[in-house]
Amino acid sequence: MLNDCNGKTALVTGAAGGIGRSCAQKLAEAGASLIVTDIDEAGIEKTVSLITEAGGTARALAQDVTQEDVWADIIGDIKAHEGALNVLVNNAGIAIGASIIDMSLEDWHRQTAINLDGVFLGCKHAIPLMAESGSGSIINISSIAGLRGAAGLAGYCATKGGVRLFSKSVAAECAAADMPIRCNSVHPGIIDTDIWGREIAGIAANNPEMMAPGGNRIDINLVAAGVPGGKPGHPDDIANGVVYLASDASSYVNGSELVIDYALTAR
Ligand SMILES: NC(=O)c1ccc[n+]([C@@H]2O[C@H](COP(=O)([O-])OP(=O)(O)OC[C@H]3O[C@@H](n4cnc5c(N)ncnc54)[C@H](O)[C@@H]3O)[C@@H](O)[C@H]2O)c1
């Protein structure tokens, strides 16, 4: 069956909500056994409930993706409990909206630690267990901000561009070492998640009209006005692509970038 993930063990980071939760749910629907992680422990417990209530298999582990010792513990835990790891979705990420001259070095480092160091550490620790498991698909969530620049998001773009080329290098290195591990990046466009109510809202510092009524999140419809058709995407739109990359239907897809943005960057 196309997009079949039966028998696969999958780890999704940043799975307490948004794109990560949707990836976990869709992978479970496709038959994978899930480990979902996040710093938001209540959020991952909710993700596990949603998956198990729908008949899937999942368990939650608290994880800050910037901590190398925690990565070692999580992979060790999966080896002990599931005995294998076949899919890793490096999804956890933050977006800090700030002009270059206003951004603190501390914020630059914090964003890079989560978005880029976290992806590196995930690959570093997962690859040996994936190799032992006989197959692996690593899916790194980048962004259209990893394909082109954006005013007010320079630091974010730097991390997501890094994820894009890091992913291609992981693919090249595993292939050169004859390891059965693929690695691809996914580039979402404007997707309706809580990220628009978090630190990205700093891009509206000089444009308060960018905020939604209530003033606590960016007005996604305004941002999505630049998308052909004018609509934001749903987290499931990204998760469907992730399931394809996780499954054997994509067995010859390696070192590629899957852009899911409804032609926003096609023009
Ligand atoms: N929503 C969009 O429009 C969009 C577009 C392009 C790319 N992305 C990327 O998609 C991914 C998911 O974003 P989302 O839109 O679902 O946002 P979100 O804010 O809803 O989810 C991000 C998750 O990451 C978790 N997280 C943050 N720091 C963490 C850490 N140190 N360790 C572990 N978990 C941590 C958060 O708790 C949260 O659950 C991110 O990498 C983001 O950059 C999103």
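Laboratory data are not the source of any read-out in this text; all were calculated from the coordinates shown. Everything numeric here is computed off the predicted structure, so don't read it as measured data. For neighbour counting, all protein chains shown are included, and Cβ atoms are generated from backbone atoms with ideal geometry for every residue, glycine included.
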So SER49 and THR265, fully extended at 0.36 nm per residue minus their Cα-Cα distance, gain in nm 74.1 nm
Compute the distance in nm between two label points, each set 7 Å from the Cα along the Cα-to-Cβ direction, one at ALA72 and one at GLU29.
3.9
Distance in Å, no decimals, from the C-alpha centre of the range 185-225 to the one of the range 42-110 is 23
Only Lys, Arg (+1) and Asp, Glu (-1) charged, at Cβ; the chain dipole about Cα centre in debye:
660
Take the Cβ-Cβ distance between SER104 and ASP194 as r, set R0 to 25 Å, and report the resulting FRET efficiency rounded to the nearest 0.05.
0.60
If amide H atoms are built 1.01 Å from N in the plane of the peptide, which residues on other chains or at least 5 residues away come under 5 Å of the amide H of ALA58?
LEU34
Going by a ≥ b ≥ c, the root eigenvalues of the Cα gyration tensor, does the range 208-267 fall in the rounded group (a/c under 1.5), the prolate group (a/b larger than b/c) or the oblate group?
prolate
Helix-only [θ] at 222 nm, the chain, -39500 (n - 2.57) per DSSP H run of 4+, per residue, nearest 500, equals -12000 deg cm²/dmol
Once label points are set 7 Å from the Cα along Cα→Cβ at both ARG148 and ALA176, what is their separation, rounded to one decimal in nm?
3.2
Quick check: the angle from helix 18-29's long axis to the longest principal axis of the chain, C-alpha only, nearest 10 degrees?
30
Evaluate Rg over Rh across the chain, taking Cα atoms for both radii and Kirkwood's formula for Rh.
0.96
The helix 68-81 Cα axis meets the longest alpha-carbon principal axis of the chain at an angle in degrees, between 0 and 90 and rounded to 10, of 40
Quickly rank 28-38, 222-232, 115-125 as a protection proxy: mean count of other C-beta atoms within 10 Å, highest first.
28-38, 115-125, 222-232
From the backbone phi of the range 253-260, what are the Karplus-calculated ³J(HN,Hα) couplings (6.51 cos²θ - 1.76 cosθ + 1.60, θ = phi - 60°) in whole Hz, Gly and Pro given as x?
9, 8, x, 9, 10, 9, 8, 10
Estimated distance in nm for a label pair at ALA212 and LYS124, the labels positioned 7 Å out from Cα along Cα-to-Cβ
3.7
9 Å beta-carbon shell around ILE35, net charge (K/R +1, D/E -1)
-1
Let me know the shape class of the range 129-267, please: from the alpha-carbon gyration tensor, a ≥ b ≥ c as square roots of the eigenvalues, rounded when a/c is under 1.5, otherwise prolate if a/b is greater than b/c, or oblate.
prolate
Shape call, the range 46-105: gyration tensor on alpha carbons, a/c limit 1.5:
oblate
Nearest 10 degrees, 0 to 90: what angle lies between the long axis of helix 41-53 and the longest principal axis of the chain (Cα atoms)?
60
The chain: relative contact order from alpha carbon pairs under 8 Å, six or more residues apart, as a whole percent, is 21
State to the nearest 20 debye the size of the charge dipole of the range 94-171 about its Cα centre, where the only charges are +1 on K and R beta carbons and -1 on D and E beta carbons.
280
